[in-house]
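Reviewing the structure listed below.
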Amino acid sequence: MQAVTLFAYAFVSNVALAVLPHEPAVIWYGARLGVWPTALVATAGTVAAALVDHRIFVPLIRRAAARRRSRAADPGPAARAWLQLFARGPFATIALSGLTPLPFFPFKALAFTTGYPLGRYLAAVTARSLPRYLLLAWLGEAVRLPLWLMATLFALLLIPSLRIALWPRPSAS
């Protein structure tokens, strides 16, 4: 039952622009299920979320882009630089993003807007997630963190998402 719960949580915390942090859950389950089972189940949930995202968002982005073709705007120098970096090595960019503290959604957006193929995207998400989850699960097994510390970590990781959801920036209109 714990594996099913972890899979569901990994799915929910990675689908679309998820606001739930997955790190505390992987650390928590690492101490309970073991390193490999935790990493594999969490990776499976993440890949399932990636599949759903790709199936939903790529067609939406293509339709929106088709409507806006006549008034295509320059994305700006920063966006062009990210697109050029992604174009040089999309698999590596996605896979290596797991080594950074950056949120995943910008990399996800790059994959979707460039039409990165589903199979390669899922493989890159797997290559990104499995090592990260192995490390987090190992941390959970090696260092038994008390429940209060896990709850604090969860709350701290939730703050950026809550700030965006509860206090959106005013529009510049």
*So what's the back-of-envelope 222 nm ellipticity for the chain, counting only DSSP H runs of four-plus at -39500 (n - 2.57) apiece and dividing by all residues, rounded to 500?*
-25000 deg cm²/dmol
*Going highest first, how would you order 108-117, 127-136 by mean Cβ packing within 10 Å?*
127-136, 108-117
*Using R₀ = 22 Å, calculate the FRET efficiency as 1/(1 + (r/R₀)^6) where r is the Cβ-Cβ separation of residue 17 and residue 96; round to 0.05.*
0.55
*asked:* Just to be sure I understand the curve: with the Debye formula and one point per C-alpha of region 2-166, what is log10 I(q)/I(0) at q = 0.16 Å⁻¹?
replied: -0.95
*asked:* Suppose each label sits 7 Å from its Cα in the direction of the beta carbon; what would the residue 8-residue 51 distance come out to in nanometres?
replied: 1.9
*If contacts are Cα pairs under 8 angstrom and at least 6 residues apart, what is the relative contact order of region 2-166 in percent?*
37
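Throughout, read-outs are computed from the coordinates displayed, never taken from laboratory work. Predicted model, so just to flag it, every value in this text is computed and none were measured. Backbone-built Cβ (ideal geometry, glycine too); neighbour counts: all protein chains shown.
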